[in-house]
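S.K.: Sharing a structure with you now.
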Amino acid sequence: MSDHEDHKAESLMEKISDKIHGKDDSSSSSDSDDDSKISEIKSKVFRLFGREKPVHKVFGGGKPADVLLWKDKKLSGGILGGVSLIWFLFEVLEYHLLTLVCHSLILTLAILFLWSNASAFINKSPPKIPQVVIPEKPVLEIVSSLRIELNQGFAALRDIASGKDLKKFLSVIAGLWFVSIISNCYSFLTLVYIMVVLLFSVPVAYDKYEDKIDPLAEKAWIEIKKQYAVFDAKVLCKIPRSMKELKDKKKA
């Protein structure tokens, strides 16, 4: 009898454990289904410029992204303040670059020279002037990356000037003409300063209010696509892609 009761107890415990495991499996499967549904919903949400990563990852992560998104407020404020000071000196006070460099060097050398000579009289240690040496490797890396970018730019200009794509040629001409109009209204330094200010303000504002900005951007993007489709049907489709195609149309 005891063996029979023990067998019943074991079978009962097995059934209970099976039910518990079954519930766990169903709950885990339901959790995985919920996670997949949430990820699917997130993937369907419109994001500006079609991004799939957080704004911090879009800017490459690390220190540059921290600076642009004001994660390090002291460094970000220092950089923006320094750029603002440079713009104020050159644009508002109309300082010249060479004059500013010479005046800064005169002031720095005078202070260090007087400090070094006066340290013997005031019983203080002379200033420790660091030895500045420009390393070779970073300079070569910067020059190499700049060379690659310039070569790609020259290759793109050569491809446009070869007459293979008339649409691309006209779009580049229109873009350069627009830049020339903007540069005629502002100086080069002012344009750079405006770009820096936008770079330090727009990404952090978007990162903070992206849930409100993305729906508005989606509506604007849909309207732009509609207007572009109309413009493409009425204007762009009638433009030949190359001069050869234009000659073929004239012959026909």
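So that you can scan it fast, the table gives a plain yes or no per residue for (1) among the hydrophobic types (A, V, I, L, M, F, W, C); (2) in contact (Cβ under 8 Å) with a residue 60 or more places away in the chain; (3) not in a helix (DSSP H, G or I):
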| position | (1), (2), (3) |
| --- | --- |
| 129 | yes, no, yes |
| 137 | no, no, no |
| 173 | yes, no, no |
| 178 | yes, no, no |
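S.K.: Counting only residues that are of a type in the set (Val, Ile, Thr) and open to solvent by 100 Å² or more (accessible area, probe 1.4 Å), which one in segment 117-159 is farthest from residue 171 (Cα to Cα)?
M.R.: From segment 117-159, those of a type in the set (Val, Ile, Thr) are 122, 129, 132-134, 139, 142-143, 148; that's our starting set.
Pick out the ones that are also open to solvent by 100 Å² or more (accessible area, probe 1.4 Å) and you get 129, 132-134, 142.
Details: 129: 54, 132: 47, 133: 46, 134: 42, 142: 30 Å.
The residue in question is 129.
S.K.: Picking from 37, 124, which residue would you name as being at pLDDT below 85 and not in a loop (DSSP other than H, G, I, E, B)?
M.R.: Result: 37 is the single residue among 37, 124 that is at pLDDT below 85 and not in a loop (DSSP other than H, G, I, E, B).
S.K.: Do any residues in segment 78-89 that are aromatic (Phe, Trp, Tyr) have Cβ atoms under 9 Å from those of residues that are assigned to a helix (DSSP H, G or I), where the two are at least six apart or on different chains, and which pairs are they?
M.R.: Listed pairs, sorted by first residue: 87/189; 87/190; 87/192; 87/193; 87/196.
S.K.: Do we find that residue 176 is open to solvent by 60 Å² or more (accessible area, probe 1.4 Å) and either modelled with pLDDT of 85 or more or among the aliphatic types (A, V, I, L, M) (or both) in this structure? Talk me through it step by step, then tell me what you get.
M.R.: Values: open to solvent by 60 Å² or more (accessible area, probe 1.4 Å): yes; either modelled with pLDDT of 85 or more or among the aliphatic types (A, V, I, L, M) (or both): yes.
For residue 176, the condition - open to solvent by 60 Å² or more (accessible area, probe 1.4 Å) and either modelled with pLDDT of 85 or more or among the aliphatic types (A, V, I, L, M) (or both) - is met.
S.K.: So the check is Cβ under 6 Å with 6+ separation or different chains; which pairs have a first residue in segment 144-163 that's touching a residue at least 24 places away in the same chain (Cβ under 8 Å) and a second one that's in a helix (DSSP H, G or I)?
M.R.: 163/243
S.K.: Another question about this same structure. Conditions: (1) over 26 Å from residue 203 (Cβ atoms); (2) part of a helix (DSSP H, G or I). Residue 91 meets all but one. Number of the miss?
M.R.: (1)
S.K.: Tally time: how many residues in segment 182-220 are in a helix (DSSP H, G or I) and open to solvent by 70 Å² or more (accessible area, probe 1.4 Å)? Lay out the reasoning, then the answer.
M.R.: Initial filter on segment 182-220 (in a helix (DSSP H, G or I)): 182-185, 188-208, 210-220.
Subsequent filtering for residues that are open to solvent by 70 Å² or more (accessible area, probe 1.4 Å) retains 184-185, 188, 195, 198-199, 202, 208, 211-212, 216, 218-219.
Final tally of qualifying residues: 13.
S.K.: Taking the stated definitions as given, is residue 71 part of a loop (DSSP other than H, G, I, E, B) and either among the polar types (S, T, N, Q) or at pLDDT 70 or above (or both)?
M.R.: On the way: part of a loop (DSSP other than H, G, I, E, B): yes; either among the polar types (S, T, N, Q) or at pLDDT 70 or above (or both): yes.
When the stated conditions are applied, residue 71 passes them.
The values are calculated or read from the model by the stated rules, or taken from the named source; none is laboratory data. Note that the coordinates shown come from a computational prediction; the quantities given were computed from them, not determined experimentally. Cβ coordinates were reconstructed from backbone atoms using ideal geometry, including for glycine residues, and neighbour counts include every protein chain displayed. Side chains included, ligands, DNA and RNA excluded: accessible areas come from the protein's heavy atoms. Shrake-Rupley method; radii C 1.70, N 1.55, O 1.52, S 1.80 Å.
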